[in-house]
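Structure first, commentary second.
Every read-out reported here was derived from the displayed coordinates using simple, explicitly stated rules and does not represent laboratory data. Quick caveat: nothing in here was measured; it's all calculated off a predicted structure. Cβ atoms come from the backbone with ideal geometry, glycine included; neighbour counts cover every protein chain shown.
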Amino acid sequence: MLNIALGKGRLAEITLKKLNNIGIDFPEYSPESRKLIFLNEDRDIRLVLVKASDVGIYVERGACDIGIEGKDTLMENEPNVYEMMDLKFGKCKFAVAAPKDFEKEKNKKIRVATKYPNVAKSYFEKKGEPIEIIKINGSVELAPLMGLADVIVDIVETGTTLKENGLIIIEEISDVSARLIVNKASLKTKRDEIAKIMDALNANI
């Protein structure tokens, strides 16, 4: 049995369509279903729906052989897995955004609100800029508006939310898209099965 971990959320429906295109379907799956495990008995493949931020954990620990995960989550959590493919969908970017009138003050720590503290810390450390991280779980756009932070680090897709809240992108950090990750042991023990799926996905891209 080959186990595939898929995060519930924005990438799930696109991923399932891509899998269906290469002949891997899960007849019992429905967006309304509360089931978390679905089978493709013809291919001996099991799909496991997990929280998006947990995909890397399931793959790293060997509970699943393959995972589909956003590059944003991979960058933040850094699971010990092989990142095998850029699947070219779910595209967005990491960016630093701030109010239009924001100006950096020399030798002053920038207060950064974000859901991605590790990504933010790594980015600003490489630039040699001192910062204070403020971990936010909700709408990070609120933080600068309420004086909680100077800037935010977040995922940006269209920029509409930023614009509607009076924020602009001041720096782009990196591009983000869906990635296929593989458990290190599984790449040896299930190499052929994994290679077939990767080849089919690559042809579909």
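Things to note:
- Theoretical FRET efficiency, 1/(1+(r/R0)^6), r = Cβ-Cβ of residue 184 and residue 129, R0 45 Å, to 0.05: 0.80
- Label point distance in nm, residue 103-residue 161, each placed 7 Å from Cα along Cα→Cβ: 3.0
- Angle in degrees between helix 191-204 and the longest Cα principal axis of the chain, rounded to the nearest 10: 60
- Summing Lys and Arg as +1 and Asp and Glu as -1 over all other residues whose Cβ lies under 9 Å from the Cβ of residue 175 gives a net charge of +2.
- Seen against the Cα atoms of the chain and their longest principal axis, helix 117-127 is set at about 60 degrees.
- A crude spin-label estimate for the pair residue 203 and residue 168, with each label 7 Å from Cα along the Cβ direction, gives 4.8 nm.
- Correct choice for percent of Cα pairs over 21 Å apart that was computed from the model, options (1) 49; (2) 57; (3) 60: (2)
- Annotation: the antiparallel percentage among DSSP beta bridges lying fully within the chain is about 60.
- Around residue 134: net Lys/Arg minus Asp/Glu count, Cβ-Cβ under 15 Å: +1
- Charge context of residue 1, other residues only, Cβ under 11 angstrom, K/R +1, D/E -1: -1
- Highest to lowest packing among 19-27, 107-115, 54-62, scored as the average C-beta count within 10 Å: 54-62, 107-115, 19-27
- Computed helical MRE - 222 nm, the chain, DSSP H runs ≥ 4 contributing -39500 (n - 2.57), nearest 500: -8000 deg cm²/dmol
- Computed over the chain with a Gaussian network model linking Cα atoms closer than 10 Å, the most mobile of 150, 42, 65 is 42.
- Taking the DSSP beta bridges with both ends in the stretch 92-175, the antiparallel portion is around 60 percent.
- With the simple model of a label 7 Å out from the Cα in the direction of the Cβ, residue 196 to residue 32 spans 3.4 nm.
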